[in-house]
Amino acid sequence: AYRYISALREFRFVEEAPGGAGYRLGGRILEMAASMARKPLREVALPHMQRIARETGETVLLCGLREHVGVCLEKVDGTHALRVSYELGETYPLHAGATGKAILAHLDPGELDEIVRDVGLPRFTESTITSEGKLKKELAKVRGCGYAESEGESILGTHGIAAPIFSSSGGIIGSIGVSVPNLRAEDKNRERLIRLVVEAAKKISEGMSAQEAQQARER
């Protein structure tokens with residue numbers, strides 16, 4: 001029994017309960033459960049992601065929130081020889097990049113403060129926002145315009161554009177975004193990408209609301 005418990009602890013399926021009172025489910029189990037809960041979001045989002053990738057040739061990302069960090073839930077790679085890409089399941093701090101800021105901007109203030117305390121605001125490039133006051137001003141701007149942008153905040157030479165995805169109750173459940181090399185972020189193409197991303201986020205939110213309503217009727 002000890003060997004089984006040790007193996008489960010090693011792979012984070014169980015962890016010691018506070019105060020040494022036995023064991024409880026670990027982070028890996030919770031991540032797996034959360035991944036299953038996010039499956040409908042990936043299914044609803046994927047056709048819209050594929051459309052953007054097909055029309056622009058850019059890599060499209062679907063991101064969510066996991067234990068105070070962002071996580072790449074789905075991606076559709078672009079077709080350009082020079083492109084930005086991420087790995088499925090890759091995690092990253094939410095303050096550095098458009099997809100993360102699109103989520104942070106719509107969290108409760110208390111949860112935002114908790115994330116900043118827990119994760120901090122580490123610097124990745126000279127453009128990374130490392131001031132809590134500056135971050136909150138940036139998030140207010142995101143809420144006002146309906147989308148987030150980043151200019152080399154996590155990877156130099158890249159430009160990110162993302163928009164939030166909401167549940168039927170208005171809660172933030174993720175974001176959809178594109179990350180492109182700066183050379184393809186000139187005004188005309190940037191405006192087109194913003195329009196496509198914002199439209200896709202709205203349609204995904206509507207699709208999630210419709211799915212939630214159908215599940216409620218079936219219950």
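The values are calculated or read from the model by the stated rules, or taken from the named source; none is laboratory data. Just so you know, these numbers come straight off a predicted model, no measurement behind them. For neighbour counting, all protein chains shown are included, and Cβ atoms are generated from backbone atoms with ideal geometry for every residue, glycine included. Ligands, DNA and RNA are stripped out before the accessible areas are found, and what is left, the full protein with its side chains, is counted by its heavy atoms. Shrake-Rupley method; radii C 1.70, N 1.55, O 1.52, S 1.80 Å.
As a quick test, which of the pairs Lys75/Lys203; Lys137/Lys202; Lys75/Lys188; Lys134/Lys188; Lys101/Lys134 have an alpha carbon distance above 22 angstrom in this structure? Exceeds cut-off: Lys137/Lys202; Lys75/Lys188; Lys134/Lys188. Among Leu61, Leu82, Leu107, the residue with the largest mean-square fluctuation in a Gaussian network model of the chain, with springs joining Cα atoms closer than 10 Å, is Leu82. Stokes-Einstein diffusion of the range 147-219 at 4 °C, 1.567 mPa s viscosity, Kirkwood radius from Cα pairs, rounded to a whole number: 97 µm²/s.
Counting only alpha carbon atoms, the long axis of helix 27-37 and the longest principal axis of the chain meet at about 50°.
Which order do you get for Leu183, Leu135 if you rank them by accessible area with a 1.4 Å probe, largest at the top?
Numbers: Leu183 120, Leu135 5 Å².
Order by accessible area, largest first: Leu183, Leu135.
Where only DSSP H runs of four or more residues are counted, the chain gives -15000 deg cm²/dmol as its mean residue ellipticity at 222 nm, each run worth -39500 (n - 2.57). Summary value for the chain: 17 percent relative contact order, contacts being C-alpha pairs under 8 angstrom separated by 6+ residues.
Kindly state, to the nearest 0.05, the FRET efficiency for Arg51 paired with Thr91, given R0 = 25 Å and r defined as their beta-carbon distance. The value I calculate is 0.40.
Temperature 20 °C, viscosity 1.002 mPa s: under these conditions the Stokes-Einstein estimate for the range 76-148, based on its Kirkwood radius over C-alpha pairs, is 159 µm² per second.
Excluding ligands, DNA and RNA, what is the solvent-accessible area per residue of the chain at a probe of 1.4 Å, expressed in Å²? All intermediate terms of the calculation are to be shown ahead of the outcome.
Details: 11800 Å² over 219 residues.
The answer is 54 Å² per residue.
Per residue, the Cα convex hull of the chain amounts to 157 Å³.
A straight line joining the Cα centroids of the range 171-204 and the range 134-166 runs 10 Å. Computed over the range 164-205, the P(r) curve from all C-alpha pair distances, binned at 5 Å from the origin, holds 5, 23, 26, 17, 14, 9, 5, 1 percent per bin.
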